[in-house]
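Enquirer: Below you'll find the structure I mean.
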Amino acid sequence: MSALAPLALAVPLVAAALTSILGAFVPRVVLTLLNLAASIFATVACALLARDAALHGTVVHWFGGWHPAHGVSLGIAFAVDSVSAALAAFTAFLTTAAFVFAWTYYDKDDGAFTALMQVFSGALIGFFLTGDLFNLFVFFELMSVSAYALTGFRSEDTSAVQGALSFAIVNSTGAFLVLTGVAMIYARTGALLMAQIAHAVAGQSDPLVVVAFALIVAGFLVKASAAPFHFWLSEAHAVAPTPLCVLFSGIMVQAGLYAVARTYWSIFSAGLAPHAAGVRDVLLAFGLFTAIVGAVMCFAQRHLKRLLAFSTIAHSGLMLCAIALLDPIALGGFFLYVIGHGLVKGGLFFASGIVLNRYSTVDVEALRGKLRELPWLAVAFALGALALAGLPPFGTFTGAALIEDGLSRAHLDAVGIVLLLAVALTGGSVLNALGRMTFGWGPDPDPQAVTPGEEQPETDPARGVRLVVMAVPALALTALAFAAGFVPIESTAAAAAQRFTDRALQEAVMLSGAAPLALPAGPHISLSSSIVHGVAGALLAIVFAALGLFAHRIRPLWPALKRIYTVAMRVPHAWHSGIVTDYVAWLTVGGAAFGAAMLALVR
Amino acid sequence: MSWLPYVVPAWIFVVGLYGMATSRHLVHLILCLSVTQSATYVLILMIGYRAGATAPVFSDVLSTVRATDPVVQAVTLTDIVVGATVTALLLAFALRIYKTYGTTDPQELRTMQG
């Protein structure tokens, strides 16, 4: 079974190589079928690995047969547990959906775009499966570089190139932070295998270990778009081709968060155990700040893809809070939330891709009343919006319920309420946009408002079969997100997360050759008490949307309300200046604040 | 154990960040990113350095000879490959932006405000 682990990323990478070689010679349909086959293979392989890891314990693959001897490892290993394999399978699944959507999307593509998507997907799979810290960095870079190239792919569209530039500068700097941290921890331990490093730093929490941890986590938080490292995300999403946005918002950002959890639990948890409360507080503060900034900015957007991008930032803040709790059940909630959110957000981005294809714009004001022609699409948007707000039984609800459980056990109910408001605001933002696009509700657009960069049409408007091919993934993902809520997976997820945090067992399996253990039965978790919470989120979303759409009809209050809103939003708007050098400055400030807070709290 | 392996790369890293944050030219910005990255080369190579040791190539010397750490050299090599890719891609982007907007000042490129 362990041979499947390298194949799960080798097959996509080989498909990418074949696609770029054959692209100019073979018909487009052959390329699409080849890549679909490769992605489906990766999905199935990773799903089988997840099942195997759940039934028999961590699947370990030593490359080149370099097994550890006497508890010392020189080799590079894939350490596949059920969580990492499930996330890898989800990556490959979203890639499959993106290929279906893109089937008739890029008629002129000679294979380069498809090949880059496949490299991106393969790198992410490797990122999830690897058990080696430097290997993690290499896959991180491979994934990032292909993402930059994909974002700027339509080089005739200069706003795409500009977005790609910001994306690349900020994320590369983040990657250097990770690498610096990796180097420092190697200096201390002489090891790069996660289990080996963990063994060496157990019981050590001197400044060097703390600084290395802070650097690695700060670097991954750039990818996770935690505020104030989040500025690149909205730009990259606004300009990136739609199928790519699905992967960016659905799994790439979450991969950064996964890496934070992986770094803490697989490497530093023993060393930093005495300072767990400090780590928790710092991460929680960043998560909350991210959720608030993302949600507030989300509501202010009129560019549909940017709106969804800011909603991703808000949800990333929620997920960071889930990790920050350092609690296995909340961590299980995080893993479920990644999948639930990825499905919902994927459906929403595909739906906006259809809008863009049909009307050549995603500016909500320019689309007023247009969506009446496509009622099924409006329904898909509405369902997605309510799912973002956490309405049961969508997949997002299950994840949020486990996170909420962790928050209330940590006596952080106030944090839970802020997070609920934040996700409700993102759902409300989508409903607000939908009310304008479908019924033409809402005040007339402010002529002085900032107009977002014009979007270029990605292809000719699709009709007939081509429209169906685009509609299928959009509706399928939303339907799956709905169905996901009926799968009783919460206690398995909690058990898998418990295993994910079991560093001692990982060490024994990786270094001493101990037999891996099957997943135990998970704790019993009751979701019924969270239903109120989820319904409240959806109702709040409707209230927020109604405020956005109808507040102008309250004549006596409207001028004052509008004035307060405009003044209050001036500051966050000024932060999002659109200038890449400012983003580097923010990254420096945020990184310094993060490092200083870590050092202060972890002393 | 000396502090130099940490102080020198930290200095280079911060200089690069300062350059990026204040840059008025895209090529300058991209090269400052390379400067930031070279901080990581310096750090990694210094970590593996051993006084009086030879290169870790054992084809013509005995395997008992004191050698520097080969892992860090492999890591640096990987890092350089990544750096070259990113720099090339970014320079291509910069060229594209210049051809369209006629400017290379990142602070004048603000079409995506708000």
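The values are calculated or read from the model by the stated rules, or taken from the named source; none is laboratory data. These figures come from a predicted structure and were not determined experimentally. Every residue, glycine among them, receives a Cβ derived from its backbone with ideal geometry; neighbour counts consider all protein chains shown.
Enquirer: Please find, among A:PRO488, A:PRO520, A:PRO516, the residue that is crowded, with 18+ Cβ neighbours inside 10 Å, more than 21 Å from the chain's Cα centre (by Cα) and not in a helix (DSSP H, G or I).
Expert: Details: A:PRO488 fails: crowded, with 18+ Cβ neighbours inside 10 Å; A:PRO520 fails: crowded, with 18+ Cβ neighbours inside 10 Å.
After applying the criteria, what remains is A:PRO516.
Enquirer: Between a residue in the range A:461-473 that is closer than 16 Å to A:VAL246 by Cα and any residue that is surrounded by 15 or more Cβ atoms within 10 Å (Cβ to Cβ) and modelled with pLDDT of 90 or more, which pairs come within a Cβ distance under 6 Å, given they are 6 or more apart or on different chains?
Expert: A:MET470/A:PHE101; A:MET470/A:ILE354; A:PRO473/A:ALA97; A:PRO473/A:VAL100; A:PRO473/A:PHE101; A:PRO473/A:PHE350
Enquirer: Has the range B:32-41 got any residue that is more than 7 Å from chain A (Cβ to nearest Cβ), hydrophobic (A, V, I, L, M, F, W, C) and touching a residue at least 60 places away in the same chain (Cβ under 8 Å)?
Expert: No, the range B:32-41 has no match at all.
Enquirer: Quick check: is even one residue across the range B:47-56 at the interface with another protein chain (Cβ under 10 Å from one of its Cβ atoms) and either surrounded by 15 or more Cβ atoms within 10 Å (Cβ to Cβ) or at pLDDT 90 or above (or both)? Talk me through it step by step, then tell me what you get.
Expert: First pass over the range B:47-56, keeping only residues at the interface with another protein chain (Cβ under 10 Å from one of its Cβ atoms): B:47-48.
Among the residues that remain, those that are also either surrounded by 15 or more Cβ atoms within 10 Å (Cβ to Cβ) or at pLDDT 90 or above (or both) are: B:47-48.
Yes; the residues of the range B:47-56 include at least one that is at the interface with another protein chain (Cβ under 10 Å from one of its Cβ atoms) and either surrounded by 15 or more Cβ atoms within 10 Å (Cβ to Cβ) or at pLDDT 90 or above (or both).
Enquirer: Quick one: in the range B:19-30, of everything that is free of Cβ contacts under 8 Å to residues at least 12 places away in the same chain and either away from chain A (no Cβ under 11 Å) or in a helix (DSSP H, G or I) (or both), which residue is surrounded by the most Cβ atoms within 10 Å (Cβ to Cβ)? Even if it seems obvious, please write down each step before you answer.
Expert: Taking the range B:19-30 first, the residues free of Cβ contacts under 8 Å to residues at least 12 places away in the same chain are B:21-22, B:28.
Now restrict to residues that are either away from chain A (no Cβ under 11 Å) or in a helix (DSSP H, G or I) (or both): B:21, B:28.
Working: B:ALA21: 19, B:HIS28: 16.
Only one residue tops the list, namely B:ALA21.
Enquirer: Filter the range A:575-603 for residues that are among the hydrophobic types (A, V, I, L, M, F, W, C) and under 15 Å from B:GLN107 (Cβ atoms); which is farthest from the other protein chains (Cβ to nearest Cβ)?
Expert: Filtering the range A:575-603 for residues that are among the hydrophobic types (A, V, I, L, M, F, W, C) and under 15 Å from B:GLN107 (Cβ atoms), the one farthest from the other protein chains (Cβ to nearest Cβ) comes out as A:TRP586.
Enquirer: When you look at A:SER121, is it surrounded by 24 or more Cβ atoms within 10 Å (Cβ to Cβ) and in contact (Cβ under 8 Å) with a residue 60 or more places away in the chain, yes or no? Give the steps one after another, and end with the answer.
Expert: On the way: surrounded by 24 or more Cβ atoms within 10 Å (Cβ to Cβ): yes; in contact (Cβ under 8 Å) with a residue 60 or more places away in the chain: yes.
It is true that A:SER121 is surrounded by 24 or more Cβ atoms within 10 Å (Cβ to Cβ) and in contact (Cβ under 8 Å) with a residue 60 or more places away in the chain.
Enquirer: Quick one: A:LEU356 ticks every box in (1) part of a loop (DSSP other than H, G, I, E, B); (2) of a type in the set (A, V, I, L, M, F, W, C); (3) more than 22 Å from the chain's Cα centre (by Cα) bar one, so which box is it?
Expert: (1)
Let's see how each residue does on (1) at pLDDT 95 or above; (2) under 30 Å from A:LEU467 (Cα atoms); (3) not acidic (Asp, Glu):
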site	(1), (2), (3)
A:ALA3	no, no, yes
A:PRO12	yes, yes, yes
A:ALA15	yes, yes, yes
A:LEU31	no, yes, yes
A:ALA38	yes, yes, yes
A:PHE90	yes, yes, yes
A:VAL100	no, yes, yes
A:ASP109	no, yes, no
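Enquirer: While we're looking at this one, here's another question. Among (1) away from chain B (no Cβ under 11 Å); (2) surrounded by fewer than 24 Cβ atoms within 10 Å (Cβ to Cβ), where does A:PHE128 come up short?
Expert: Every condition holds for A:PHE128 apart from (2).
Enquirer: Another question about this same structure. (1) within 23 Å of A:ALA195 (Cα to Cα); (2) touching a residue at least 40 places away in the same chain (Cβ under 8 Å); (3) part of a helix (DSSP H, G or I): which one isn't true of A:LEU48, the others all being true?
Expert: For A:LEU48, the failing item is (1).
Enquirer: Related question: Given A:PHE268, A:PHE310, A:PHE349, which one is aromatic (Phe, Trp, Tyr), more than 30 Å from A:THR130 (Cβ to Cβ) and part of a helix (DSSP H, G or I)? Give the derivation first.
Expert: On the way: A:PHE268 fails: more than 30 Å from A:THR130 (Cβ to Cβ); A:PHE349 fails: more than 30 Å from A:THR130 (Cβ to Cβ).
Exactly one of A:PHE268, A:PHE310, A:PHE349 is aromatic (Phe, Trp, Tyr), more than 30 Å from A:THR130 (Cβ to Cβ) and part of a helix (DSSP H, G or I), namely A:PHE310.
Enquirer: Quick check on A:SER526: is it under 29 Å from A:ALA54 (Cα atoms), hydroxyl-bearing (Ser, Thr, Tyr) and in contact (Cβ under 8 Å) with a residue 40 or more places away in the chain?
Expert: Numbers: under 29 Å from A:ALA54 (Cα atoms): yes; hydroxyl-bearing (Ser, Thr, Tyr): yes; in contact (Cβ under 8 Å) with a residue 40 or more places away in the chain: no.
Spelling it out, it is not the case that A:SER526 is under 29 Å from A:ALA54 (Cα atoms), hydroxyl-bearing (Ser, Thr, Tyr) and in contact (Cβ under 8 Å) with a residue 40 or more places away in the chain.
Enquirer: For the list (1) part of a helix (DSSP H, G or I); (2) within 11 Å of chain B (Cβ to nearest Cβ); (3) free of Cβ contacts under 8 Å to residues at least 40 places away in the same chain; (4) small (Gly, Ala, Ser), I need the number of the one condition that A:SER155 fails.
Expert: (1)
Enquirer: Quick one: is A:ALA366 small (Gly, Ala, Ser) and modelled with pLDDT under 95?
Expert: Against the criterion (small (Gly, Ala, Ser) and modelled with pLDDT under 95), A:ALA366 qualifies.
Enquirer: Confirm whether A:SER512 is out of contact with any strand residue (DSSP E or B) (no Cβ under 7 Å at 6 or more places or on another chain), within 14 Å of chain B (Cβ to nearest Cβ) and modelled with pLDDT under 90.
Expert: On the way: out of contact with any strand residue (DSSP E or B) (no Cβ under 7 Å at 6 or more places or on another chain): yes; within 14 Å of chain B (Cβ to nearest Cβ): no; modelled with pLDDT under 90: yes.
For A:SER512, the condition - out of contact with any strand residue (DSSP E or B) (no Cβ under 7 Å at 6 or more places or on another chain), within 14 Å of chain B (Cβ to nearest Cβ) and modelled with pLDDT under 90 - is not met.
Enquirer: Quick one: which of A:VAL11, A:VAL83 is crowded, with 24+ Cβ neighbours inside 10 Å, within 21 Å of A:ASN135 (Cα to Cα) and either among the β-branched types (Val, Ile, Thr) or in contact with a Phe, Trp or Tyr (Cβ under 7 Å, 6 or more places away or on another chain) (or both)?
Expert: It is A:VAL83.
Enquirer: Next question. Can you tell me which residues in the range A:182-204 are assigned to a helix (DSSP H, G or I) and more than 10 Å from every other protein chain (Cβ to nearest Cβ)? Explain how you work it out, then say what you get.
Expert: We begin by selecting, within the range A:182-204, every residue assigned to a helix (DSSP H, G or I); these are A:182-189, A:194-201.
Passing the criteria: A:ILE185, A:THR189, A:MET194, A:ALA195, A:GLN196, A:ILE197, A:ALA198, A:HIS199, A:ALA200, A:VAL201.
Enquirer: While we're here: From the list A:GLN498, A:GLN506, which residue is part of a helix (DSSP H, G or I) and surrounded by 22 or more Cβ atoms within 10 Å (Cβ to Cβ)?
Expert: Details: A:GLN498 fails: surrounded by 22 or more Cβ atoms within 10 Å (Cβ to Cβ).
The unique qualifying residue is A:GLN506.
Enquirer: Take the residues in the range B:60-100 that are hydroxyl-bearing (Ser, Thr, Tyr) and at the interface with chain A (Cβ under 7 Å from one of its Cβ atoms), then tell me which one is farthest from B:PRO5 (Cα to Cα). Give the derivation first.
Expert: Here is the first cut: in the range B:60-100, the ones hydroxyl-bearing (Ser, Thr, Tyr) are B:63-64, B:68, B:76, B:78, B:85, B:87, B:98, B:100.
Add one more test, that the residue is at the interface with chain A (Cβ under 7 Å from one of its Cβ atoms), and what stays is B:78, B:85, B:100.
Working: B:THR78: 20, B:THR85: 26, B:THR100: 43 Å.
Step by step, filter the range B:60-100, then rank; the result is B:THR100.
Enquirer: Related question: For the range A:215-250, how many residues meet the condition of being within 14 Å of another protein chain (Cβ to nearest Cβ) and either assigned to a helix (DSSP H, G or I) or free of Cβ contacts under 8 Å to residues at least 12 places away in the same chain (or both)?
Expert: Total satisfying the criteria: 14.
Enquirer: Which one of A:LEU388, A:LEU402 is crowded, with 24+ Cβ neighbours inside 10 Å, over 13 Å from A:ALA541 (Cβ atoms) and assigned by TED's automatic domain parsing to the domain that holds A:PHE334?
Expert: Working: A:LEU388 fails: over 13 Å from A:ALA541 (Cβ atoms).
That would be A:LEU402, the only listed residue that is crowded, with 24+ Cβ neighbours inside 10 Å, over 13 Å from A:ALA541 (Cβ atoms) and assigned by TED's automatic domain parsing to the domain that holds A:PHE334.
Enquirer: In this structure, does A:LEU425 turn out to be part of a helix (DSSP H, G or I), modelled with pLDDT of 95 or more and in contact with a helix residue (DSSP H, G or I) (Cβ under 7 Å, 6 or more places away or on another chain)?
Expert: Details: part of a helix (DSSP H, G or I): yes; modelled with pLDDT of 95 or more: yes; in contact with a helix residue (DSSP H, G or I) (Cβ under 7 Å, 6 or more places away or on another chain): yes.
Considered against the rule, which asks whether it is part of a helix (DSSP H, G or I), modelled with pLDDT of 95 or more and in contact with a helix residue (DSSP H, G or I) (Cβ under 7 Å, 6 or more places away or on another chain), A:LEU425 comes out as yes.
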